[in-house]
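Asks: Have a look at this one.
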Amino acid sequence: MLLVVWNLQLQDPIAHIFMLPNSDMFSVILSPQSPYNGTRILVFSPQNRTPIREWTLPFQLRQIASYSSTFPKGFSLVGITNEWSLVMFGDEVHSFNSMEEPAVGKSIK
């Protein structure tokens, strides 16, 4: 059986898609046409084609995955940039130095 739930046309090609753990939501990573553009991450639910969350990062990612945190209601993702930097972003991201204080965000919309 095949069921088309909704349809959405996006400008940039899709680089990755993955399900978020313990949820029916999924993340779509858009690959920009230019190496100087950042990366867009959209989080969707099957019930609606409007993104639940959207991030624009000022860099491109080689790979991305969901990051399991102690805050199950938020979205937390981890990625490897083209420069091989490890980045964490989302609703509930904490520094590894102190789990009490959130990490400092940089230029993420």
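The values are calculated or read from the model by the stated rules, or taken from the named source; none is laboratory data. Since we're looking at a predicted model, the values are computed, not measured. No Cβ is skipped: glycine too gets one built from the backbone with ideal geometry, and neighbour counts run over all protein chains shown. Note: accessible area is taken over every heavy atom of the protein model, side chains too, but ligands, DNA and RNA are not part of it. Shrake-Rupley method; radii C 1.70, N 1.55, O 1.52, S 1.80 Å.
Asks: Residue pairs, Cβ under 7 Å, 6 or more apart or interchain, first in segment 51-65 and in a loop (DSSP other than H, G, I, E, B), second open to solvent by 40 Å² or more (accessible area, probe 1.4 Å) and not polar (S, T, N, Q). List them.
Replies: From segment 51-65, the pairs are Gln60/Pro35.
Asks: Shifting gears a bit: Hey, can you tell me all the residues within segment 29-43 that are surrounded by fewer than 18 Cβ atoms within 10 Å (Cβ to Cβ) and not small (Gly, Ala, Ser)?
Replies: Pro32, Gln33, Pro35, Tyr36, Asn37, listed by residue number.
Asks: Of all residues in segment 19-50, count the ones that are part of a strand (DSSP E or B) and either among the β-branched types (Val, Ile, Thr) or in contact with a Ser or Thr (Cβ under 6 Å, 6 or more places away or on another chain) (or both).
Replies: 7
Yes/no matrix, rows are residues, columns are (1) out of contact with any Gly (no Cβ under 8 Å at 6 or more places or on another chain); (2) of a type outside the set (Val, Ile, Thr); (3) within 17 Å of Gly90 (Cα to Cα):
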position: Ala15; (1), (2), (3): yes, yes, no
position: Ser23; (1), (2), (3): yes, yes, yes
position: Ile29; (1), (2), (3): yes, no, yes
position: Asn37; (1), (2), (3): yes, yes, no
position: Ser45; (1), (2), (3): yes, yes, yes
position: Arg49; (1), (2), (3): yes, yes, no
position: Ile52; (1), (2), (3): yes, no, yes
